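Structure record follows, encoded as structure tokens.
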Amino acid sequence: MNAAGGLPLAAWLRAFGLLRRYHRYDVVNLEPLLRPGAKLIVGYHGRPLALDLCMLTVTLHERLGYLPHGIAHGAFGALPGMRRVADGLGFVTGDDPRLAEAVARGEHVLVQPGGTREGCRSFRHRYRVDWGERLGYLRLALRYRLPIVPVGGSGMDDFYVGLNDGAALGKRLGLPGKLPLWLGVGATGLWPLALPFPVKVTQWVGEPLERHLDAGFDANDPEAWRGMHREVMGAVQALLDRARGQERNTNEERVAA
């Protein structure tokens, strides 16, 4: 994974570097991700793609010299040509032996447990964590002994106006690879051909969660898993709420001025 690069990486850095400018991207409390040692970055999935987290990877590449190793949608391994892109970016589509190599080098891993279920919702469901019982990220954190760093923010659910539940429609139509069929409106028309609305995006990084690494954590107890799952979801939701509250306060101060 350390050899990831070439055209996919150059295109990624260029595209999401430009999007950072377009969205006036900012990060609050990046420090936990700059400390030595690999961590599992667990983020909210904005709609319809996790563009904010993609922008975060560019910022981390500038500061750390590598792109965090994302756990990508299974379609990256199923669709022609996408595997090569994933390899070029250092991404995998599930637990992979290469993850152990990355962790040994002290490099971060990035996951979005909500996936397309969370990212491809209608405008009626915004900025609410929706991970169900998806515990795969916890298995990774335990297997590789990774602290969990929660990430949320503001702006990511305002890129596009969602018109339907994409995951449900994709399932109903039997699309391969659990792909969603999502309809959304952006600044210049319908997604995916439209640019996102030029909203400001502020990413908030939380402090690492490590209770699952304590000696007293019983990995054989389902309730311990569910409790940790609730703790992580709660931490991400708190970041979403805090970021949006700060955004509202800033906007009110501007109006008052």
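Mind listing just one residue for me: the one in the stretch 159-173 that is closer than 17 Å to GLY114 by Cβ and charged (D, E, K, R) and, of those, nearest to the chain's Cα centre (by Cα)?
ASP165
For residues in the stretch 177-204 being aromatic (Phe, Trp, Tyr) and part of a loop (DSSP other than H, G, I, E, B), which is surrounded by the most Cβ atoms within 10 Å (Cβ to Cβ)? Write out each step before concluding.
Within the stretch 177-204, the subset aromatic (Phe, Trp, Tyr) is 182, 191, 197, 204.
Among the residues that remain, those that are also part of a loop (DSSP other than H, G, I, E, B) are: 182, 191, 197.
Details: TRP182: 25, TRP191: 22, PHE197: 15.
In this case the residue turns out to be TRP182.
What residue, among those in the stretch 61-75 that are surrounded by fewer than 21 Cβ atoms within 10 Å (Cβ to Cβ) and over 18 Å from TYR137 (Cα atoms), is modelled with the lowest pLDDT?
The residue in question is ALA75.
Condition first: within 14 Å of the chain's Cα centre (by Cα), closer than 24 Å to PHE217 by Cβ and part of a strand (DSSP E or B). Can you find one or more residues in the stretch 63-85 that meet it? Don't jump to the end; show me each part of the working.
If we filter the stretch 63-85 for residues that are within 14 Å of the chain's Cα centre (by Cα), which is where we start, we get 67-73.
Next cut, closer than 24 Å to PHE217 by Cβ only: 71.
Filter once more, keeping what is part of a strand (DSSP E or B): 71.
Yes, because at least one residue in the stretch 63-85 is within 14 Å of the chain's Cα centre (by Cα), closer than 24 Å to PHE217 by Cβ and part of a strand (DSSP E or B).
Is there a residue in the stretch 203-211 that is of a type outside the set (Lys, Arg) and free of Cβ contacts under 8 Å to residues at least 12 places away in the same chain? Give the derivation first.
Going residue by residue through the stretch 203-211, those that are of a type outside the set (Lys, Arg) are 203-210.
Applying the additional criterion that residues be free of Cβ contacts under 8 Å to residues at least 12 places away in the same chain yields none.
Scanning the stretch 203-211 turns up no residue that is of a type outside the set (Lys, Arg) and free of Cβ contacts under 8 Å to residues at least 12 places away in the same chain.
Among GLY234, GLY189, GLY184, which is of a type outside the set (A, V, I, L, M, F, W, C) and farther than 22 Å from TRP131 by Cβ? Outline the logic, then answer.
Numbers: GLY234 fails: farther than 22 Å from TRP131 by Cβ; GLY184 fails: farther than 22 Å from TRP131 by Cβ.
Among GLY234, GLY189, GLY184, only GLY189 is of a type outside the set (A, V, I, L, M, F, W, C) and farther than 22 Å from TRP131 by Cβ.
Restricting to the stretch 8-33, count the residues that are basic (Lys, Arg) and not in a helix (DSSP H, G or I).
Filtering the stretch 8-33 for residues basic (Lys, Arg) gives 14, 20-21, 24.
Imposing the further condition that a residue be not in a helix (DSSP H, G or I) reduces the set to 24.
Counting residues in the stretch 8-33 that are basic (Lys, Arg) and not in a helix (DSSP H, G or I) gives 1.
Within the bounds of the stretch 28-37, is there any residue that is among the small types (Gly, Ala, Ser) and surrounded by 15 or more Cβ atoms within 10 Å (Cβ to Cβ)? Before the answer, list the steps.
Step one: list which residues in the stretch 28-37 are among the small types (Gly, Ala, Ser), which gives 37.
Then drop every residue that is not surrounded by 15 or more Cβ atoms within 10 Å (Cβ to Cβ), which leaves none.
Checked against the condition, which is being among the small types (Gly, Ala, Ser) and surrounded by 15 or more Cβ atoms within 10 Å (Cβ to Cβ), the stretch 28-37 yields no hits at all.
Considering only the stretch 232-248, I want to know if a residue exists there that is acidic (Asp, Glu), outside any helix (DSSP H, G or I) and modelled with pLDDT of 95 or more. Even if it seems obvious, please write down each step before you answer.
Quick first cut of the stretch 232-248, residues acidic (Asp, Glu) only: 241, 247.
Still in the running and outside any helix (DSSP H, G or I): none.
For the stretch 232-248, residues acidic (Asp, Glu), outside any helix (DSSP H, G or I) and modelled with pLDDT of 95 or more: absent.
Of all the residues that make up the stretch 199-219, how many are modelled with pLDDT under 95 and of a type in the set (Phe, Trp, Tyr)?
Total meeting the criteria: 0.
What are the residues in the stretch 216-235 that are in contact (Cβ under 8 Å) with a residue 40 or more places away in the chain and either within 16 Å of ARG143 (Cα to Cα) or in contact with a strand residue (DSSP E or B) (Cβ under 7 Å, 6 or more places away or on another chain) (or both), if any?
ALA219, TRP225, MET228, HIS229, VAL232, ALA235 - these are the residues of the stretch 216-235 that are in contact (Cβ under 8 Å) with a residue 40 or more places away in the chain and either within 16 Å of ARG143 (Cα to Cα) or in contact with a strand residue (DSSP E or B) (Cβ under 7 Å, 6 or more places away or on another chain) (or both).
Could you go through the stretch 142-153 and let me know if any residue there is under 22 Å from TRP12 (Cβ atoms), modelled with pLDDT of 95 or more, in contact with a Lys or Arg (Cβ under 8 Å, 6 or more places away or on another chain) and of a type in the set (Gly, Ala, Ser).
From the stretch 142-153, those under 22 Å from TRP12 (Cβ atoms) are 149, 151, 153; that's our starting set.
Keeping just the survivors that are modelled with pLDDT of 95 or more gives 149, 151, 153.
The next check asks that each one be in contact with a Lys or Arg (Cβ under 8 Å, 6 or more places away or on another chain); those that pass are 149.
Going one step further and asking which of them are of a type in the set (Gly, Ala, Ser), we end up with none.
No - not one qualifying residue is present in the stretch 142-153.
Working only within the stretch 205-226, note down all residues that are within 23 Å of LEU56 (Cβ to Cβ) and assigned to a helix (DSSP H, G or I). It would help to see each step written out before you state the result.
Pass one, the stretch 205-226, residues within 23 Å of LEU56 (Cβ to Cβ): 205-210, 212.
Matches in the stretch 205-226: HIS212 only.
The values are calculated or read from the model by the stated rules, or taken from the named source; none is laboratory data. In this text, all values refer to a predicted model and were calculated from it rather than measured experimentally. So basically every Cβ, Gly included, is an ideal-geometry build from the backbone, and we count neighbours across all protein chains shown.
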